[in-house]
Amino acid sequence: GAGVSQSPSNKVTEKGKDVELRCDPISGHTALYWYRQSLGQGLEFLIYFQGNSAPDKSGLPSDRFSAERTGGSVSTLTIQRTQQEDSAVYLCASSSQDSGANVLTFGAGSRLTVL
Amino acid sequence: GNSVTQMEGPVTLSEEAFLTINCTYTATGYPSLFWYVQYPGEGLQLLLKATKADDKGSNKGFEATYRKETTSFHLEKGSVQVSDSAVYFCARFQGAQKLVFGQGTRLTINP
């Protein structure tokens with residue numbers, strides 16, 4: 001597609017439920033990133049994919065968080081047994097890596113509210 | 001700790017004022033440096049970048065110069081407009097692929 005597409009744009013869930021957030025990157029972009037943006041916390045790196053592999057998942061906050069990418073395209077971020085502190089905007093970005101300074105293109109984000 | 005430190009906000013200016021948002025980084029070597037901007041209700045987007053020391057990135061009247069002596073990449077604009085109101089993020093790559101961001105600076109321009 002023309003841009004990075006994320007769904008849902010808004011998700012309200014109850015504490016303890018599982019949620020899945022989806023990211024559809026720009027066609028042909030090999031690198032895909034997940035970030036979390038919380039009020040007052042800036043942008044927190046979660047994980048990045050190169051193709052279907054995740055060389056760096058150091059930012060995942062706990063084992064309740066996992067992510068996968070299939071076919072070198074769509075990625076899903078799953079949060080199990082959600083907690084209130086998981087409430088944030090989850091941003092996905094992709095990159096073509098066709099220059100020495102990778103420029104990330106971001107989606108609009110998925111806003112998660114855990115009640 | 002975070003390898004990018006930027007000026008804390010919020011910053012409020014009047015239209016046509018001069019803007020500086022400070023950004024410093026810690027790094028071994030000379031990573032590419034970026035400013036991203038998030039306008040109200042919109043996604044994060046690249047504003048400008050510099051890939052090596054002494055490079056100057058520029059876009060929409062904004063400039064930032066990669067200064068290795070002071071490990072800085074301060075964002076400047078000579079005359080701000082109301083439409084520049086947004087949150088600005090300084091960023092650098094940590095390793096080959098991990099882009100790390102500063103905390104963000106919220107800028108409000110009053111007419």
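Bear in mind these aren't lab numbers, they're just calculated from the coordinates by the rules spelled out. Everything numeric here is computed off the predicted structure, so don't read it as measured data. Every residue, glycine as well, gets a Cβ built from its backbone with ideal geometry; the counts of neighbours run over all protein chains shown.
Brief remarks on what is shown
- Translational D in µm²/s for segment A:1-74 (Stokes-Einstein at 4 °C, 1.567 mPa s, Kirkwood Rh from C-alpha pairs): 96
- Shielding by partners, peptide B:44-54 (average Cβ within 10 angstrom, other chains): 3
- Think of each Lys and Arg Cβ as +1 and each Asp and Glu Cβ as -1; about the Cα centre, that makes the dipole of segment A:35-100 roughly 120 debye.
- Kirkwood Rh in Å, taken over the protein assembly as shown so that all alpha-carbon pairs contribute: 18.1
- Ranking A:Leu39, B:Asn22, A:Ser75 by how far each Cα lies toward the positive end of the dipole of the protein assembly as shown (charges on Cβ) leaves A:Ser75 at the top.
- Cα gyration tensor category, rounded, prolate or oblate, for segment A:47-112 with a/c compared to 1.5: prolate
- Each other residue within a Cβ distance under 14 Å of B:Ser72 adds +1 if Lys or Arg and -1 if Asp or Glu, for a net charge of -1.
- Taking other C-beta atoms within 10 Å as the exposure proxy, A:Thr105, B:Thr26 rank B:Thr26, A:Thr105 from fewest upward.
- Taking Cα centre as origin and charging only the Cβ of basic (Lys, Arg, +1) and acidic (Asp, Glu, -1) residues, the dipole magnitude of the protein assembly as shown rounds to 300 debye.
- In this structure, B:Lys98 and A:Arg22 have a Cβ-Cβ separation that, at R0 = 30 Å, corresponds to a calculated FRET efficiency of about 0.85.
- Chain B, dipole about Cα centre (Lys/Arg Cβ +1, Asp/Glu Cβ -1), debye to the nearest 20: 420
- Shielding by partners for peptide B:99-106, expressed as the average number of C-beta atoms from other protein chains within 10 Å of each residue's C-beta, is 4.
- The shape of segment B:43-101 comes out oblate: with a ≥ b ≥ c from the C-alpha gyration tensor, a/c is at least 1.5 while a/b does not beat b/c.
- Cα-derived Rg to Rh of chain B, Kirkwood definition: 0.96
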